[in-house]
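Bear in mind that the values in this text are calculations on the coordinates, not laboratory data. Since the model is a prediction, treat every value here as computed from it, not as a measurement. In this analysis, Cβ positions are derived from the backbone assuming ideal geometry, glycine residues included, and neighbour counts consider all displayed protein chains.
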């Protein structure tokens, strides 16, 4: 049994066994991260840049509750709050009082996410949208057009994500070709 499979089995046994006493917040976060990494693929076979390696270490800037949204389902209906076209698997909506707009983010759990075209997500996202239901420590990940666009990120829905501030950006979120820069 691989290390990931053993970890997943342990997490699942803890999650579904009767709990006699309260469980610590840190153990819940660790369990969610382990399940998300096992479902998404993790970073084991990905060559990380020095910046990505640094962002994977230490305490995150935020722990945010994730939801997914897509165009064509009443979620995204045009431009984001900056007036830009949302970029699939790059644009996020946040509460600007928590995560300011124009913040370049690194979401650890999305590193290694295999996308429909076969490419692998590098973990970078852009806070360029807001929404009426996004209050406090929440983040909505824009997946693209149609319900099917959510499939690669579905393991992250309703989980707590580890989010780092990776800088700021001007203008609109960049296209995939230069999003890691």
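What is the packing order of peptides 154-167, 102-115, taking the mean over residues of other C-beta atoms within 10 Å and listing the highest first?
For the peptides 154-167, 102-115, the packing ranking is 102-115, 154-167.
In nm, what is the difference between 0.36 nm times the number of residues separating residue 47 and residue 114 and their Cα-Cα distance?
22.7 nm is the gain from fully extending residue 47 to residue 114.
How do 69, 126 line up, fewest other C-beta atoms within 10 Å first?
Exposure proxy ranking, most exposed first: 69, 126.
Under a point spin-label approximation (7 Å from Cα along Cα-to-Cβ), what is the residue 57-residue 79 distance to one decimal in nm?
Label-label distance for residue 57 and residue 79, simple model: 4.1 nm.
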